[in-house]
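S.K.: Before anything else, here's the structure in question.
Rule-based calculations on the coordinates, nothing more; no lab input. Quick caveat, the model's predicted, so the values are computed rather than measured. Here the Cβ positions follow ideal geometry from the backbone for every residue, glycine too, while neighbour counts run over all protein chains shown.
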Amino acid sequence: MLVSLGCRFRYNLQQPTPMIALLNVHYSRFGDLERPDHLITNPGVPLESYRDGFGNWCTRLLAPAGEFVLSTDGVIRDSGALDPVAPSAWQHAVQDLPFDTLVYLLGSRYCDTDLLSNEAWRLFGATEPGWARVQAICDHVHHHVRFGYEFARSTRTASETLAEQRGVCRDFTHLAIAFCRCMNIPARYCTGYLSDIGEPLPHPSGDFAAWMEVYLGGQWWVFDPRNNTPRIARILMAQGRDAADVPLTQTFGPNDLVEFKVWTEEAS
């Protein structure tokens, strides 16, 4: 299956503004690109690329004052298969976890595990460790948090999501991640494209999505507490401890975002 993907951000900037963008497909999917999703700016400016501490591909630039556009447009090959499911995947004892997973047990900016530990153990302490426990966490978050774009708030933490019982996909993900970490399961935040291929009409407007990966049975597995069902053509862009590590664009100055468009569609 070929999937067309891309995005467009249009800003009005009051002054020259440094930016960091994480708008390219993750390096783990780079070999699947049929047409690379190069980052294009208008007007054109010099671009510097680097990898951050989580291995994500980042682009650094200085945007001029006035109207400024960031865009990508690529085509990627995808298997067309649903997210894999492995009910027998086991939970590792903390002392047996690989060193590079341990950071994903710790609290972070939006995943305030110190405030959620007692509630996590009350809710999930009796569940079967491993896949079943993570699925129970996703089920709980999916059924107890109300989704709505009007609920978006960039400062909402996992504990606030639990208290308010509403949010957008990043809030669902932060809460599920925090619960997993409280239960000694490494969990990391993922952002990227999620197609509506195979989903019933009508489809909502295109957007980026947030989900999580958890470490079970010796590898990382996708879980999506917002949708809570396997999906087709989930294309990773970046991953970290939470959304603070993987902003799609980080602007270092005042700005006005006047256009935002995302697409993930099956290509002919």
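S.K.: From (1) assigned to a helix (DSSP H, G or I); (2) more than 17 Å from the chain's Cα centre (by Cα), pick out the condition that doesn't hold for ILE185.
M.R.: That leaves (1) as the condition not met.
S.K.: For residues in the range 231-255 being under 20 Å from SER205 (Cβ atoms) and in a strand (DSSP E or B), which is nearest to the chain's Cα centre (by Cα)? Even if it seems obvious, please write down each step before you answer.
M.R.: Our first condition is that a residue be under 20 Å from SER205 (Cβ atoms); within the range 231-255, this holds for 231-235, 237, 248-249.
Checking the rest, the ones that are also in a strand (DSSP E or B) come to 232, 234-235, 237, 249.
Details: ILE232: 16, ARG234: 10, ILE235: 10, MET237: 8, THR249: 13 Å.
Checked the range 231-255; the qualifying residue nearest to the chain's Cα centre (by Cα) is MET237.
S.K.: Looking only at the range 23-71, filter to residues that are in contact (Cβ under 8 Å) with a residue 24 or more places away in the chain and β-branched (Val, Ile, Thr); which one of those is surrounded by the most Cβ atoms within 10 Å (Cβ to Cβ)?
M.R.: Among those that are in contact (Cβ under 8 Å) with a residue 24 or more places away in the chain and β-branched (Val, Ile, Thr), it is VAL25.
S.K.: Residues to consider are GLY6, GLY66, GLY31, GLY55; find the one that is within 18 Å of the chain's Cα centre (by Cα) and farther than 26 Å from SER205 by Cα.
M.R.: On the way: GLY6 fails: farther than 26 Å from SER205 by Cα; GLY66 fails: within 18 Å of the chain's Cα centre (by Cα); GLY31 fails: within 18 Å of the chain's Cα centre (by Cα).
Selected residue: GLY55, the only one of GLY6, GLY66, GLY31, GLY55 that is within 18 Å of the chain's Cα centre (by Cα) and farther than 26 Å from SER205 by Cα.
S.K.: Filter the range 146-157 down to residues that are closer than 13 Å to HIS174 by Cβ and in contact (Cβ under 8 Å) with a residue 40 or more places away in the chain, then give me how many there are.
M.R.: Matching residues across the range 146-157 total 2.
S.K.: May I pose another question? Considering only residues that are aliphatic (A, V, I, L, M), under 19 Å from ASP245 (Cβ atoms) and surrounded by fewer than 21 Cβ atoms within 10 Å (Cβ to Cβ), which ones fall in the range 177-234?
M.R.: VAL222
S.K.: Name the residues in the range 130-142 that are part of a helix (DSSP H, G or I) and out of contact with any helix residue (DSSP H, G or I) (no Cβ under 9 Å at 6 or more places or on another chain), would you?
M.R.: To start, the set of residues in the range 130-142 that are part of a helix (DSSP H, G or I) comprises 131-142.
Residues satisfying the conditions are TRP131, ALA132, GLN135, ASP139.
Each row is one residue, and each column tells you yes or no for (1) among the aliphatic types (A, V, I, L, M); (2) in a strand (DSSP E or B).
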{"site": "LEU62", "(1), (2)": "yes, yes"}
{"site": "VAL75", "(1), (2)": "yes, yes"}
{"site": "GLY80", "(1), (2)": "no, no"}
{"site": "ALA86", "(1), (2)": "yes, no"}
{"site": "HIS92", "(1), (2)": "no, no"}
{"site": "THR101", "(1), (2)": "no, no"}
{"site": "GLY107", "(1), (2)": "no, no"}
{"site": "CYS111", "(1), (2)": "no, no"}
{"site": "GLU128", "(1), (2)": "no, no"}
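S.K.: Only one of (1) part of a helix (DSSP H, G or I); (2) under 19 Å from the mean Cα position of the chain (by Cα); (3) polar (S, T, N, Q); (4) farther than 17 Å from GLU213 by Cα fails for SER117. Which number is that?
M.R.: Checking SER117 against (1) part of a helix (DSSP H, G or I); (2) under 19 Å from the mean Cα position of the chain (by Cα); (3) polar (S, T, N, Q); (4) farther than 17 Å from GLU213 by Cα, the one that fails is (2).
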